[in-house]
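Reviewing the structure listed below.
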Amino acid sequence: MRILFWLFIALFIIYLAVLASSMKKSVEKPIFLRIDEVANHHETTIDICVNSVYAPTPAELENLKSDYSNLWAHLNHFYATNDLIAGKEYYTERWFKQHGRYQTEMKKNLVTRKDLFHELNIENWSRDGLLCTAIDRHVTIEYTLPDQQKVIDTMSVAIVLLYQGDHWRIDAMQVLQES
Amino acid sequence: MMIKYTLALTGLIWYTLVSLSACRQHLLRRPVPASELTTLTVPFEGLAFVATGRNWKATLLTFTQPIELNIEYTNTGFIVFQDSPAGIIEGPGKLCLNSGNNHFFYDAWLQNQEFTSPETIDIRSPKTVNPDSSLNQQRIVFTIDEWSNIVSVNEENHLFFEEEVFLLPLAGVYRAQEYNPLSAFNVQPGSCVSIPLNAQFNEGDQHILAKAGPLKDRFDNLVADGTVVTFIYDDGQYIYRTETALINGFALTEIPFDPGNNYQLYAQVHSTHSITIQLNLKS
């Protein structure tokens, strides 16, 4: 009887061990513990002009500037690698879903780009500080082609940013077709 | 000695062949599109190119992400086509064709085929309005298509629209867009402007039932449930205070009653007071 009892205990322990080993461990750290390498290695110049009826506070502007820089770091990374996941903290659900339709295996693209300059004109700022619409004029982008040739392009981009979670996130965009 | 010369010669021939093959790769001609490529409408069914070679890869570099394309070879070259019917962020893009170390780029303005139904986003701020402070609400409107492109919000080609709206002072939950629960906002009732108060003696348990209400704000909305109503009464010797929560505009409390005493009772909500009523057996 005693042997049966210990056998049962042993089987139960083995069952627990198998169960524990088969459980998938979450390898993703919470956002506040993660180091954003893509954003950390990014540098650009952002000038902000406020044209909105309600003006953001200096602290809100500083936050927007930092998040906008990080957003472009991830947009460039996405352009070069098709890696949507790395920048998910800077995309709204709508943006993420839309771009997820073209997700293929991640690979290094032939062309990379850097954003050199932004003149962010805030057009609307919600009173609760959760929505910002802006037109980014004179966005200067430097493309590097496979033969290391560099091409610089300047354009204007309309952008909708929503403050969700800890970040400003891109929700929609339009590259303005200028004559 | 002979062997050495043979080996050297073989090496030389091999090197020449490899160099020639490398040179051949570099000599690939730029594929010529069958039609002009200044504007490209996505998704596209087939883009024909006149080209040589059978080792081509095609990628469409949209403004935001690279999209891999498929290639079907023809007698004169190949046709590039797209599998997914999804749209893209419109803007400047590049069609990239590469074979080995040969890369050819075609700059084009990328645009979507007609989108089905643009969605209007109506953002209200603040989400909760109280008539005690202001019934003004900021409204920001923009329209986006199903691929997250901002679409002009009106005929003047404006991308964003903002206005200040004055809400009706009727308490309730409303939606800026009928079918979008996320567009909901609240108009709360304000503070009460007067406190009707009455009291009734209950002979059975020798208590007075005091009732304050209905409590309404200046727009005739019932004051919010849970608002604390304080009943204050004194029997000539002590002052008593009892608090109760408002439900459906009314607050009730029971006051123990000694027939030998005269009581004075009034109710209070924040800085609003009711009239003071006398409680005795005669009244």
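Measuring from centroid to centroid over Cα atoms, what is the spacing of the range B:108-169 and the range A:34-92 in Å?
That distance is 23 Å.
Step by step: find N for chain A, compute 2.2 N^0.38 Å, then divide the Cα radius of gyration by it. What's the final number?
Relative to the 2.2 N^0.38 Å estimate, chain A comes out at 1.48.
What percent does the relative contact order of chain B come to when contacts are Cα pairs within less than 8 Å and at least six residues apart?
Answer for chain B is 10 percent.
How big is the accessible area of B:Thr276 in square angstrom, nearest 10, if you roll a 1.4 angstrom probe over the protein chains?
Counting only protein heavy atoms, B:Thr276 exposes about 80 Å² to solvent.
Which semi-axes, in whole Å and largest first, does the equivalent ellipsoid of the protein assembly as shown have when worked out from the alpha carbon gyration tensor as the square roots of 5 times its eigenvalues?
Ellipsoid half-lengths, sorted descending, are 71, 33, 19 Å.
Could you list, bin by bin from short to long, the percent of Cα-Cα pairs of the range A:1-48 in 5 Å steps?
For the range A:1-48, the pair-distance distribution reads 5, 14, 10, 10, 9, 8, 7, 7, 6, 6, 5, 4, 4, 2, 2, 1, 0.
Any of A:Lys88/A:Lys108; A:Lys29/A:Lys97; A:Lys29/A:Lys150; A:Lys114/B:Lys57 with alpha carbons more than 30 Å apart? Name them for me.
Listed pairs above 30 Å: A:Lys29/A:Lys150.
Filter the GluC sites (Glu not before Pro) in the range A:28-73 to those in DSSP coil with at most 15 other Cβ atoms within 10 Å of their Cβ, and list the result.
Filter output for the range A:28-73: A:Glu28, A:Glu43.
How about B:Lys211: which aspartates and glutamates have a C-alpha closer than 16 Å to its C-alpha, ignoring those fewer than 8 places off in the same chain?
Output for B:Lys211: B:Asp225, B:Glu243, B:Glu254.
With the contact rule set at Cα under 8 Å and sequence spacing of 6 or more, what percent relative contact order holds for the range B:44-83?
48
Run the 1.4 Å probe and let me know the accessible area of A:Thr44, rounded to the nearest 10 Å².
Here the accessible area works out near 40 Å².
Give, as a single signed number, the net charge of other residues whose beta carbon lies under 12 Å from the beta carbon of B:Glu254, with Lys and Arg counted +1 and Asp and Glu -1.
Here the charged neighbours net out to 0.
Within chain B, what's the longest stretch lacking chymotrypsin sites (Phe, Trp or Tyr not before Pro) that sit in DSSP loops with no more than 11 other Cβ atoms inside 10 Å?
For chymotrypsin sites (Phe, Trp or Tyr not before Pro) (loop position, at most 11 other Cβ atoms within 10 Å), the longest site-free span of chain B is B:1-178.
Grab the other residues whose beta carbon is less than 11 angstrom from that of B:Ala51, score K and R as +1, D and E as -1, and report the net.
Overall, the nearby charge balance is +3.
From the alpha carbon gyration tensor of chain B, can you work out the equivalent ellipsoid semi-axes (sqrt of 5 times each eigenvalue) and give them in Å, largest to smallest?
In descending order the semi-axes read 87, 23, 13 Å.
Quick one: compute a quarter of the convex hull surface over the Cα atoms of the range B:226-283 and quote it in nm².
Quarter of the Cα hull surface area: 4.3 nm².
So if we plug the beta-carbon distance of B:Arg241 and B:Val165 into 1/(1 + (r/R0)^6) with R0 = 51 Å, what FRET efficiency do we get, rounded to 0.05?
E(calc), rounded to 0.05, equals 0.75.
Could you list the trypsin sites (Lys or Arg not before Pro) in the range A:1-96 that lie in coil according to DSSP, counting only those with at most 10 other Cβ atoms within 10 Å of their Cβ?
When the trypsin sites (Lys or Arg not before Pro) of the range A:1-96 are filtered for loop state and at most 10 Cβ neighbours within 10 Å, A:Lys24, A:Lys25, A:Arg34 remain.
Taking the C-alpha atoms of the range A:1-80, how large are the radius of gyration and the largest Cα-Cα span, Dmax, in Å?
Final numbers for Rg and Dmax: 26.6, 84 Å.
Considering only protein heavy atoms and a probe of 1.4 Å, how much of the accessible area of the protein assembly as shown is carbon and sulfur, as a whole percent?
56
Where the centre of each part is set by its Cα atoms, how far does the range B:186-212 sit from the range A:110-174, in angstrom?
Using only Cα atoms to place each centre, the spacing works out to 59 Å.
As a check on your grasp of the helix formula, calculate [θ] at 222 nm for chain B: sum -39500 (n - 2.57) over DSSP H runs of n ≥ 4, divide by the residue count, round to the nearest 500.
-3000 deg cm²/dmol
Please state the relative contact order of chain A as a whole percent: Cα pairs under 8 Å, 6+ residues apart?
Averaging sequence separation for qualifying contacts and normalising by length gives 19 percent for chain A.
Suppose we keep just the alpha-carbon trace of the range A:62-164; what are its Rg and Dmax in angstrom?
14.6, 48
The values are calculated or read from the model by the stated rules, or taken from the named source; none is laboratory data. None of these values were measured; they are calculated from a predicted model. Quick reminder, even Gly has a Cβ in these numbers, built from the backbone with ideal geometry, and neighbours come from all protein chains shown. Accessible surface is based on the protein model in full, side chains and every heavy atom, while ligands, DNA and RNA are left aside. Shrake-Rupley method; radii C 1.70, N 1.55, O 1.52, S 1.80 Å.
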